[in-house]
Amino acid sequence: MLKVSLSPTVGPAYILPLLPEFLRRYPRVRPEWHFESRQVDLVHEGYDLAIGGGFELSAGIVARALAPAHIVAVASPDYLRNAGALPDHPDELGSLRGVVMRSIATGRIRKWTMQGPNGAQATAAVNEDIVMNDPASMREATRVGLGVAMLAVPDVLTDLAEGRLVRLLPEWHADAGMISLYYASRRLLPGKTRAFVDFVIEHFRRFGYAEKFDATTNHVARESKRMRQQRK
């Protein structure tokens, strides 16, 4: 049994498609995967590992970084078509209807400080018009035109590329740390866990996800610029 906790957005989109090949290599492994928007207690809840972002490392837990967790402002073309002028600064996001997330852990609305050109920083002034409790619901809300949301690049990369969403403020992003593999530190890591850790790291490198998820790379900026030009 390989018990894994995964982000409900990154997990299905980027980890689940790797499972067929992993099981061909290791047919005796039996996966038990939990998709959840919370930080699990790896030891006390019996997880072999977790994949996600923003975990607070407790004693005896190891983190292996996979890719950056950059947050960008996005909205649908349909919503923006009737929203007037596009914002040029995070302060101007308040002119749009906002879709935000209330943290399950703290009960608070998540706020983001964005980083911009030449080291500039500013708070993303997203209105609390519509409140969700997980990123997947926020993404669906933006897809159907309910407003602007702050979402991680991997959660919206395909939507940006296919035109379902548009990235606002292409020179600005927030940094939520890293998407990482988390597992308990042991002198002799179980073979199933070691095999899966190495397998995921190998495939993230092969597919170039670290660069694709980076909001500052040409890849992400190019897609955003293309969609903005189409809108004009």
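Okay, here's what the table says:
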quantity: Some residue of the stretch 30-38 being buried (at least 18 other Cβ atoms within 10 Å of the Cβ) and part of a loop (DSSP other than H, G, I, E, B); calculated: no
quantity: Boolean, GLY163 is within 22 Å of PHE213 (Cα to Cα) and either assigned by TED's automatic domain parsing to the domain that holds VAL29 or surrounded by fewer than 21 Cβ atoms within 10 Å (Cβ to Cβ) (or both); calculated: yes
quantity: The one condition in (1) among the aromatic types (Phe, Trp, Tyr); (2) within 29 Å of THR113 (Cβ to Cβ); (3) in a helix (DSSP H, G or I) that PHE55 fails to fulfil; calculated: (3)
quantity: Checking SER58 against (1) over 20 Å from ARG164 (Cβ atoms); (2) buried (at least 16 other Cβ atoms within 10 Å of the Cβ); (3) of a type in the set (S, T, N, Q), the condition it does not meet; calculated: (2)
quantity: Selected residue [farther than 21 Å from ALA215 by Cβ, touching a Pro at 6+ places or on another chain (Cβ under 9 Å) and either at pLDDT 95 or above or of a type outside the set (Lys, Arg) (or both)] from LEU23, LEU93, LEU42; calculated: LEU23
quantity: Residue among VAL220, VAL148, VAL200 that alone is surrounded by 14 or more Cβ atoms within 10 Å (Cβ to Cβ), modelled with pLDDT of 95 or more and not assigned by TED's automatic domain parsing to the domain that holds LEU96; calculated: VAL200
quantity: Residue match in the stretch 101-108 (condition: buried (at least 17 other Cβ atoms within 10 Å of the Cβ) and either part of a strand (DSSP E or B) or not β-branched (Val, Ile, Thr) (or both)); calculated: yes
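The values are calculated or read from the model by the stated rules, or taken from the named source; none is laboratory data. In this text, all values refer to a predicted model and were calculated from it rather than measured experimentally. Please note: Cβ atoms are built from the backbone with ideal geometry, for glycine as well, and neighbour counts cover all protein chains shown.
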